[in-house]
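I have placed the structure first, in the form of structure tokens, so that the comments after it can refer back to it.
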Amino acid sequence: MEDVRPAASLRAPLRLPHKALMGAGPANAPPRVLHASAQPLVGHLHAEALRVMDDIKDGLRYAFQTTNPVTLCLSCAGHGGMEASLTNLLEPGDVAVVAVNGHWGARASDMVTRHGSRVVKLEAPLGQPVTLEAAEEAVSKHRPRLLFLVQAESSTSVLQPLEGFGPMCHKYGTLLVVDTVASLGGTPLWTDRWELDVVYTGSQKVLNAPPGLAPITFSPRAMQRITSRQKPCSVYYWDIMQLGDYWGCFGNPRKYHHTGPVSLFFALREALAILAAEGLTASLRRHAEAAARLHAGLQRLGAEFLVPDPRHRVPTLTAFSFPNVDLQAVARTAMTRHGVELSGGLGPTVGRILRIGLMGVNASEDAVDNVLSVLEDSIKNPILTNKL
């Protein structure tokens, strides 16, 4: 006799509603991507899977705008890309300068400390990026192993300028690590041109694939640092020297590291093919135009932007509020009545803002017009808690 009986919740097949995912991510996935994830399973080292992995590497080099041989995917959320970047480059006692102007810089600082390195926080007010001058002052003073920046700080929707930071870092022997989880494919990112050393992203945002993969690329300069470590990377799962052989980055026979999520690989391969077919330049233009349309509509509704300078607003995610409006009721109404997701704040902005994401297929005129219409109705006719 079984000690535990089957749960009643599992008797019916799974059925989910369609929602417009207009928050901070994940974004909606195109039918082609969802269909790819339903393809028959193959072994993760079968020839078919390896071909898909090679296609992914080609697609990622295009998306990252790099020729780095060590360009691959980690089997994890984008958050894992942050930890893999730090654990591969840092050893105990190293110094890392981390830009902190929102949630993700604070999270990276925590990771640096947990791995036995020393963090120097380069802080900027919420809603503002870090300046090149302030970064150079910190880097020249502390001579850190790395400088960590977030291109799109999703808790605030700040766009961090990156041009000039790479050459500045290299002048002092420092590596530059950049988080592009909420930006890659939707705002300009030129890995080689800007001399970025490690860049990672997430599969579920602008790329429009399901969550669960963290694309990442390492420059030759970063790889030189990794191969000269005194000891191997302290976390086997994140060790790029092991992962690089699994992904065929070093010219060696493929070597088992872990069982890769092949269905997610299929989906990401198709998502990257869609980006390549549209063209990166066209995708960047489409996101910029959608963001301008959204910002104009929010202004007409009386919104106040968390990021006051339009030049520093990331096009893929917009943070805003309304005076004397119950933001939680607005988000609740949008979801309950319209099936449209609006995100609240994150970390230091919890309870202070709403966030609308325009990522991938959701960066369109129709999507913008729909979310503005839903927002207007949710402000005028909110569902209060006691009416649910």
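So that you can scan it fast, the table gives a plain yes or no per residue for (1) more than 30 Å from LEU342 (Cα to Cα); (2) modelled with pLDDT of 95 or more; (3) touching a strand residue (DSSP E or B) at 6+ places or on another chain (Cβ under 6 Å):
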| site | (1), (2), (3) |
| --- | --- |
| GLY23 | no, yes, yes |
| LEU34 | no, yes, no |
| ARG61 | yes, yes, yes |
| CYS76 | no, yes, yes |
| GLU91 | yes, yes, no |
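Would you point out the residue of segment 240-257, among those that are within 25 Å of TRP194 (Cα to Cα) and assigned to a loop (DSSP other than H, G, I, E, B), that is most open to solvent (accessible area, probe 1.4 Å)?
Of the residues in segment 240-257, the ones within 25 Å of TRP194 (Cα to Cα) are 240-241, 244, 249-250.
Remaining after also requiring assigned to a loop (DSSP other than H, G, I, E, B): 249-250.
Details: CYS249: 18, PHE250: 67 Å².
Going through the qualifying residues, I end up with PHE250.
So, VAL181, is that one open to solvent by less than 20 Å² (accessible area, probe 1.4 Å), touching a residue at least 12 places away in the same chain (Cβ under 8 Å) and touching a strand residue (DSSP E or B) at 6+ places or on another chain (Cβ under 8 Å) or not?
In short, no.
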If you go through segment 25-34 one residue at a time, do you hit one that is part of a helix (DSSP H, G or I), open to solvent by 60 Å² or more (accessible area, probe 1.4 Å), free of Cβ contacts under 8 Å to residues at least 40 places away in the same chain and not hydrophobic (A, V, I, L, M, F, W, C)?
yes
Report, ordered by the first and then the second residue, all pairs with beta carbons closer than 9 Å, sequence separation of six or more or different chains, a first member in segment 1-22 that is surrounded by fewer than 10 Cβ atoms within 10 Å (Cβ to Cβ), and a second member that is not charged (D, E, K, R).
PRO17/GLY339; HIS18/ASN28; HIS18/GLY339
Of the residues that make up segment 71-83, is at least one over 19 Å from the mean Cα position of the chain (by Cα) and of a type outside the set (Gly, Ala, Ser)?
no
Residue list for segment 42-54, restricted to those being open to solvent by 30 Å² or more (accessible area, probe 1.4 Å) and touching a helix residue (DSSP H, G or I) at 6+ places or on another chain (Cβ under 6 Å)
VAL42, HIS44
Mind listing just one residue for me: the one in segment 347-365 that is hydrophobic (A, V, I, L, M, F, W, C) and in contact with a Lys or Arg (Cβ under 8 Å, 6 or more places away or on another chain) and, of those, farthest from HIS103 (Cα to Cα)?
ALA363
Can you tell me which of (1) over 19 Å from the mean Cα position of the chain (by Cα); (2) farther than 25 Å from ILE226 by Cβ; (3) assigned to a helix (DSSP H, G or I); (4) in contact (Cβ under 8 Å) with a residue 40 or more places away in the chain is the one GLU48 doesn't meet?
(4)
Could you please find all residues in segment 96-107 being touching a Ser or Thr at 6+ places or on another chain (Cβ under 7 Å) and among the aliphatic types (A, V, I, L, M)?
ALA96, VAL98, VAL100
Got a number for residues in segment 351-371 being outside any helix (DSSP H, G or I) and within 17 Å of ALA182 (Cβ to Cβ)?
8
Among the residues of segment 313-334, the number that are surrounded by 18 or more Cβ atoms within 10 Å (Cβ to Cβ) and in a helix (DSSP H, G or I) is 6
For PRO167: the one exception among (1) within 17 Å of VAL130 (Cα to Cα); (2) under 19 Å from the mean Cα position of the chain (by Cα)
(2)
Those residues of segment 67-100 which are open to solvent by less than 20 Å² (accessible area, probe 1.4 Å), among the polar types (S, T, N, Q) and either closer than 23 Å to GLU153 by Cβ or part of a loop (DSSP other than H, G, I, E, B) (or both) amount to ASN68, SER85, THR87, ASN88
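The values are calculated or read from the model by the stated rules, or taken from the named source; none is laboratory data. Being a predicted model, the structure only gives us computed values, none of them experimental. Here the Cβ is made from the backbone with ideal geometry for all residues, glycine too, and neighbour counts use every protein chain on show. For accessibility, only protein heavy atoms count, side chains too; no ligands or nucleic acids. Shrake-Rupley method; radii C 1.70, N 1.55, O 1.52, S 1.80 Å.
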